[in-house]
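The structure under discussion appears below in the form of structure tokens.
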Amino acid sequence: MKIFYSLLLIATFGFAEFGVMGYDTHSEEVLKTFDVEPEFLNNEYFVDVKNTFLSEARQDYLLAKFKNGYEFIPTLKEMFLKEGIPQEFLYLAMIESGFSLTAKSSKRATGMWQFMPQTAKSLGLEINAQIDERKDPIKSTKAAIAYLKTLKESFGKWYLAAIAYNCGDGRLRRAIEQAGSDSLSVLLDPEIKYIPLESRMYIRKILSVSLMFANVDILKTSDYDYFLNRGATSLLTAIEVPPATPLSRIASQTGLSLQELKYYNPQFKRNLTPTYAKTYAVYVPYQFLARYKENAQNQEKLQVKPYLVHRVRKGETIYSIAKHYGVSSKRIAQYNEIKNVNALSINQEIIIPLDKDKA
């Protein structure tokens, strides 16, 4: 499930400068946030993994990932704060995906929070031919928060919630039963292996990264001390639009390019919002909201434009479909983001735009 696992696990076990950092009461507070006893700071295997994982090069890599997540991190912080989720769970998203909304794993996990399809659907996220809400920055984070809160209520401790997020609650329950304890030191025993290696590494990495970002000296040395003052006020806002609204039209009204708009909204699989539901939330940075409102006031209020949903039948091509509806094949391909017009599938749903706007 974890797309960054192979990238973040370093094969050799040498000691880095971070290993000589002295732990203080603040470090203990970081662990207490996860309901981990302070003594775990001296756990032999935790220290070993921490020293390996947080090499100087890896620290630079993680700092860069945090910097690149600038547009989304304040939003996550704000949502966590409102729901009583420890801010350190930001690093769960970093470990999972590097804050990428489009991250995919070989096991079909997708999005910033790397949800598998079944888990995502159980949390109310839609996945179909028109939309994948695992890539929605707000809805996927709401789902992650709900999931983490459920796991916390179930297991009673945040570090157990994090482990269960990785390996599943059933797998963790069996491990606790086998170990006869939910102690972190016991569960991470490398000899008995109560939980999978990936999960053992996973929680150690989250704790290590949390300690790193709580270390003022490291951040100042790397010129990243402004992270300490980064607020929890969202930089994104939502614009409600009707179904089947071309993304190019929204981009034009906000002053963004289509590519920029899709960066914030990769949940839409096509170049228009899905054809069902009454409205859809499209996310843009706050600084573009005023321009959108100004343009919306000077233009006719957005209405649902005519469209058809065509289901491909045997023998049909995009050219025959376009001819049937009197719409150019290029326009149909643009709306549906069809990259190979010669590879249509039987029963594939295609949106046929019947308004005069260009995609």
Report, to the nearest whole %, how much of the accessible area of region 54-108 belongs to carbon and sulfur atoms, 1.4 Å probe, protein only. 48 percent
Debye intensity ratio in log₁₀ form over the Cα atoms of region 120-189, taken at each q of 0.13, 0.17 Å⁻¹: -0.45, -0.66
With a 1.4 angstrom probe the carbon and sulfur portion of accessible area for region 163-215, in percent, totals 45 percent
Quick shape check on region 44-183: root eigenvalues a ≥ b ≥ c of the Cα gyration tensor, a/c under 1.5 is rounded, otherwise prolate if a/b tops b/c, else oblate, and it reads oblate
For a quick protection proxy, order the peptides 96-107, 277-288 by their average other-Cβ count within 10 Å, most packed first. 96-107, 277-288
Could you give the accessible area per residue of region 76-162, probe 1.4 Å, as a whole number in Å²? 37 Å²
In nm, what is the difference between 0.36 nm times the number of residues separating His324 and Glu191 and their Cα-Cα distance? 41.2 nm
Assigning unit charges at the beta carbon (Lys, Arg +1; Asp, Glu -1) and nothing else, what dipole magnitude in debye, to the nearest 20, does region 61-142 show about its Cα centre? 200 debye
Greater than 30 Å apart at Cα, pairs in Lys77/Lys205; Lys32/Lys269; Lys139/Lys323: Lys32/Lys269; Lys139/Lys323
Measure off, as a whole percent, the carbon and sulfur share of the 1.4 Å-probe accessible area of region 235-294, all protein chains present. 54 percent
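The values are calculated or read from the model by the stated rules, or taken from the named source; none is laboratory data. All values reported here derive from a predicted model rather than from experimental measurement. Virtual Cβ from ideal backbone geometry, glycine too; neighbours counted across all protein chains shown. Surface areas here come from the heavy atoms of the whole protein model, side chains and all, with no ligands, DNA or RNA. Shrake-Rupley method; radii C 1.70, N 1.55, O 1.52, S 1.80 Å.
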